[in-house]
Amino acid sequence: MNVDLSILHLILNASHVVQLIMASLLLVSLISWTRTFRKAVVLKHARREADAFEDKFWSGGDLTQLYTAITSRPHNRAGMEMIFESGFREFARLRQQHTAEPKAVLDGAQRAMRIALAREIDRLETNLPFLATVGSTSPYVGLFGTVWGIMNSFRALGNLKQATLGLVAPGIAEALIATAMGLFAAIPAVIAYNRFVNEVDRLESRYSNFLEEFSNILQRQAFK
């Protein structure tokens, strides 16, 4: 007896529970890949923007002119630009209050920059928890589909007097597809998550270093 063991045939003839699990894993995988590509683009732009801003900042130009050039552009600021803008704006505002102590001016600018840094890191970490969840749970969801499929196969065999490999193979094969789909969804998500976490950590380190260096510059200006 010839048994059709093609993947499409096995999926179409699987139980409704296993088919639902397969469809869910496929949908999650597609969403995961979409968010992975989007996050890769976001982080790539963040690195480029950081490089471009550092070149401008350390070129020796006037900080007031740099602030004016940044705030005059219509697009939203992000990364180092946002940290610089927040700190310099608060520094200039507090210095206009002649009663403010230099230390209070510096502390206010640093608080503004730390808030901007936290917002930027929060933006960069968007969708990372989703990838972590997909990477950690998809294999178990696929395993559940496999266990359910194998359980149904053995239940069907219990009604037969004689079991053959041809009768057992389709049920087990369709059940194992669920595990394969779980791994297909999980492995790319785990790889993407680990890579993106590393890139976000490196960007956060660059932002934190810039915050400290800019604070030193503001400190010298505040205590003039």
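The values are calculated or read from the model by the stated rules, or taken from the named source; none is laboratory data. These numbers were taken from a predicted model, which means no experiment stands behind them. Note that each Cβ is placed from the backbone with ideal geometry, even for glycine, and that neighbours are counted across all protein chains shown.
Of the listed requirements (1) surrounded by fewer than 15 Cβ atoms within 10 Å (Cβ to Cβ); (2) under 25 Å from THR36 (Cβ atoms); (3) modelled with pLDDT of 90 or more, ARG111 misses just one: (2). Of all residues in the range 200-224, none that is closer than 13 Å to GLN110 by Cα and free of Cβ contacts under 8 Å to residues at least 40 places away in the same chain has its Cβ atom under 8 Å from the Cβ atom of a residue that is of a type outside the set (Gly, Ala, Ser) and assigned to a helix (DSSP H, G or I), 6 or more apart or on another chain.
In summary, LEU131 fulfils each of the numbered conditions (1) surrounded by 20 or more Cβ atoms within 10 Å (Cβ to Cβ); (2) modelled with pLDDT of 90 or more; (3) closer than 30 Å to PHE214 by Cβ with the single exception of condition (3).
Would you mind stating whether ILE172 is modelled with pLDDT of 90 or more and among the hydrophobic types (A, V, I, L, M, F, W, C)?
Values: modelled with pLDDT of 90 or more: no; among the hydrophobic types (A, V, I, L, M, F, W, C): yes.
So ILE172 does not fit the description; no.
If we keep just the residues of the range 49-87 that are of a type in the set (Lys, Arg) and either assigned to a helix (DSSP H, G or I) or surrounded by fewer than 16 Cβ atoms within 10 Å (Cβ to Cβ) (or both), which is modelled with the lowest pLDDT? Here the residue is ARG73. Sub-7 Å Cβ pairs linking a first residue in the range 47-65 that is touching a residue at least 12 places away in the same chain (Cβ under 8 Å) and farther than 19 Å from ALA92 by Cα to a second residue that is in a helix (DSSP H, G or I) and among the acidic types (Asp, Glu), at least 6 apart or interchain, are GLU49/GLU81; PHE53/GLU81, ordered by first then second residue.
Looking at the range 88-104, can you tell me whether even one residue there is within 23 Å of TYR193 (Cα to Cα), surrounded by fewer than 15 Cβ atoms within 10 Å (Cβ to Cβ), free of Cβ contacts under 8 Å to residues at least 24 places away in the same chain and among the aliphatic types (A, V, I, L, M)? Even if it seems obvious, please write down each step before you answer.
As a first pass, look at the range 88-104 and keep what is within 23 Å of TYR193 (Cα to Cα): none.
Within the range 88-104 (the criterion being within 23 Å of TYR193 (Cα to Cα), surrounded by fewer than 15 Cβ atoms within 10 Å (Cβ to Cβ), free of Cβ contacts under 8 Å to residues at least 24 places away in the same chain and among the aliphatic types (A, V, I, L, M)), the answer is no, since none of the residues qualifies.
Do we find that LEU10 is in a helix (DSSP H, G or I) and modelled with pLDDT under 85 in this structure? Even if it seems obvious, please write down each step before you answer.
Details: in a helix (DSSP H, G or I): yes; modelled with pLDDT under 85: yes.
Spelling it out, LEU10 is indeed in a helix (DSSP H, G or I) and modelled with pLDDT under 85.
In the condition set (1) in contact with a helix residue (DSSP H, G or I) (Cβ under 8 Å, 6 or more places away or on another chain); (2) more than 30 Å from GLY108 (Cβ to Cβ); (3) at pLDDT 85 or above, ARG195 is compliant with all but (1).
Please work out which residue is nearest to LEU176 (Cα to Cα), limiting yourself to the range 134-144 and to residues that are buried (at least 17 other Cβ atoms within 10 Å of the Cβ) and of a type in the set (Gly, Ala, Ser). Across the range 134-144, the extreme among qualifying residues is GLY142. Reported count of residues in the range 183-199, each being without any contact (Cβ under 8 Å) to a residue 60 or more places away in the chain and among the aromatic types (Phe, Trp, Tyr), is 0.
Number of residues in the range 95-115 that are in a helix (DSSP H, G or I), touching a Leu at 6+ places or on another chain (Cβ under 8 Å) and of a type outside the set (Val, Ile, Thr) equals 7.
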